[in-house]
Amino acid sequence: MPTVEENRSAWDRQHDWGRSGAEWSEAWGGPVMHWHGTILPRIQAFLPAPAILEIGPGFGRWTGFLAERCDRLLAVDLSEKCVRACRERFAGRPGVEFLVNDGRSLEMVPDGSVDFAFSFDSLVHADEEVLRGYVLALGRKLRGAGAAFIHHSNLGAYPRYYRAFSALQRIPKLTGLLTRLGLVDNVTWQWRAPGMSAGKMARFAAEAGLVCIAQELVTWSTRRVLVDCLTTLVGRDSPFVRENRVLANRAFMREAGHLARLAGLYDHSPAERSRAGPGLTPGTEHKEG
């Protein structure tokens, strides 16, 4: 179970941040394609927004995209290292502020001040109590018609699979063989919270006085296990209020692969040509199928 303290240690001291988080967008062909191809289509209905809250910005992989679509952006992160880096990266940019929080709450955010809250690729490492705390806080921080898009773990929907794979890891060679053959999903290396699930998020939303309107269950370097969930929450006064719709999207990573192939084809920047190396046309490493 990744605790708040383990998360702070990981992002403050263990991870080198040499690529500012872009390494986690490689499967999509980089952050630009990741944002425009995967994230923006899922949140475009709520943008632009006067005031945006970003939870867990890291080194600002998504912050610049969000800042272009609002008047004010407040980003909070439990990592002092990340907040310092973001302040340097976006120094002088008006309407953008970065604050360190405790990894559990949003006390520095005024009530009723947020039109859209966003977190992607950060809270997957947060356990259910942390997510519950954040969602209860969002119930106070969002304006009446506000919305939130939260990427979180769904590993808690597979307790028996998680226990079985954890037991299998006692035999490393067998675990490695079965994983390479695609017969089992490694559900531990991604550091997902094993107790969090889409169902719990929906319950937290109701407790907070919010309405859960969409939950996309997705794979993430897995084949069988829908290890993550993309949840959309809205306030009770939102024009988007409806019954929750849940989609099991097992093609999520195939979508990423398609975007990576497009990125390899259409990225004409010198940096991309240099990265590809001599004699290799950018994008040829992406195979069909």
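For the chain, the 222 nm mean residue ellipticity estimated from helices alone, with every DSSP H stretch of n ≥ 4 adding -39500 (n - 2.57) and the total spread over all residues, rounds to -9000 deg cm²/dmol.
Within the set (1) 13.7; (2) 15.9; (3) 18.9, the number that mean projected area of the Cα convex hull in nm² takes when calculated for this structure is listed as (2). Label positions at Asp111 and His36, each projected 7 Å from the Cα along the C-beta direction, are separated by 4.2 nm. Each other residue within a Cβ distance under 13 Å of Gly144 adds +1 if Lys or Arg and -1 if Asp or Glu, for a net charge of +1. Based on C-alpha pairs under 8 angstrom that are at least 6 apart in sequence, the chain has a relative contact order of 17 percent. Could you pull out every one of the aspartates and glutamates with an alpha carbon less than 17 Å from that of Lys200, ignoring same-chain neighbours closer than 8 positions? Those aspartates and glutamates meeting the cut-off are Asp127, Glu128, Glu129, Glu216, Asp228, Glu243. Relative contact order for the range 72-146: 32 percent, from Cα pairs under 8 Å spaced at least 6 residues apart, divided by residue count. Helices that extend 30 Å or more along their long axis by alpha-carbon positions and average at least 0.5 on the Kyte-Doolittle scale are absent among the DSSP H runs of the chain. How big is the gap, in Å, between the Cα center of the range 144-198 and the Cα center of the range 68-114? After rounding, the separation between the Cα centres reads 30 Å. In this view, the solvent-accessible surface of Asp111, computed with a 1.4 Å probe and all protein chains in place, comes to about 100 Å². The DSSP beta bridges internal to the chain are antiparallel in roughly 40% of cases. What the range 141-213 shows is 46 Å² of accessible area per residue, with the surface traced by a 1.4 Å probe over protein heavy atoms.
Extension gain, Arg140 to Arg84, is 17.4 nm, computed as 0.36 nm per intervening residue step minus the present C-alpha separation. When the chain is treated as a Gaussian network with alpha carbon springs shorter than 10 Å, the biggest mean-square fluctuation among Val32, Val211, Val124 belongs to Val32. Spread over its residues, the convex hull of the C-alpha atoms of the range 10-131 is 114 Å³ per residue.
The values are calculated or read from the model by the stated rules, or taken from the named source; none is laboratory data. Model, not experiment: these values are computed from the prediction. Every residue, glycine as well, gets a Cβ built from its backbone with ideal geometry; the counts of neighbours run over all protein chains shown. Surface areas here come from the heavy atoms of the whole protein model, side chains and all, with no ligands, DNA or RNA. Shrake-Rupley method; radii C 1.70, N 1.55, O 1.52, S 1.80 Å.
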